[in-house]
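One structure below.
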Amino acid sequence: MYKLRGHHLFCLLGYRGMGYSEEYVENMTRLHQTLRDYPNTLIHLVNGPDQLCEKYPNSGVYHCQDNSIYERDAAILEKMGLKIGQMLSWKDIESCIRKFVVPSDVQVICETCAWRSYGVCEEGIQEIHEGKRLRKIQ
């Protein structure tokens with residue numbers, strides 16, 4: 001079981017092996033590939049820093065506690081019909097994405113995210129709509 005906050009549900013869809021530090025990338029890749037290979041893995045939705053935030057580099061402002069990040073978490077969970085405290089499988093999260101999310105939602109919900117300009121999160125949502133799984137990270 002993994003503890004994840006709302007916005008990381010979208011981040012995982014767009015993850016392509018890039019991140020804030022080597023330690024962060026290793027942690028994100030490990031989680032991402034686990035969910036890809038074992039979609040029945042349970043996710044516990046949490047309010048605030050999660051298992052990905054644990055490896056965010058301690059090099060100044062800790063954005064994981066920023067109000068705008070909490071707002072993004074809440075917006076994504078609301079869009080997907082999910083609530084903090086819920087436990088569900090990654091496969092069920094993908095199902096919620098297919099039902100409630102469209103790629104263009106990233107442009108609105110994640111408007112201030114520095115990673116948005118890469119377009120990979122929209123691409124990841126589209127791939128889930130097409131019945132694909134998370135991408136394999138090389």
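Please treat every number below as a calculation from the coordinates, not as lab data. Keep in mind that this is a model prediction, so the values were computed, not measured. Reconstructed Cβ throughout: ideal geometry from the backbone, glycine too, with neighbour counts over all protein chains shown.
Figures for the structure shown
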| item | result |
| --- | --- |
| Using distinct alpha-carbon pairs, which all enter the 1/r mean, Kirkwood radius of segment 2-129 in Å | 14.6 |
| Relative contact order of the chain, defined on C-alpha pairs under 8 angstrom at six or more residues apart (%) | 35 |
| Lys3 long-range amide H proximity, modeled H, under 5 Å | His44, Gln51 |
| Counted charge near Glu127, where neighbours are those whose Cβ lies closer than 14 Å (Asp, Glu -1; Lys, Arg +1) | +3 |
| Residue-averaged 222 nm ellipticity for the chain, from DSSP H runs of 4+ at -39500 (n - 2.57), nearest 500 | -14000 deg cm²/dmol |
| Relative contact order (percent, whole number), segment 81-138, Cα cutoff 8 Å, 6+ residue spacing | 34 |
| Residue-count net charge about Thr112 - beta-carbon cut-off 14 Å; Lys, Arg +1, Asp, Glu -1 | -2 |
| Among 90-102, 124-136, the order from most to least packed when residues are scored by Cβ within 10 Å on average | 90-102, 124-136 |
| Local electrostatic count at Cys64 - Lys and Arg +1, Asp and Glu -1, tallied over other residues with Cβ under 12 Å | -1 |
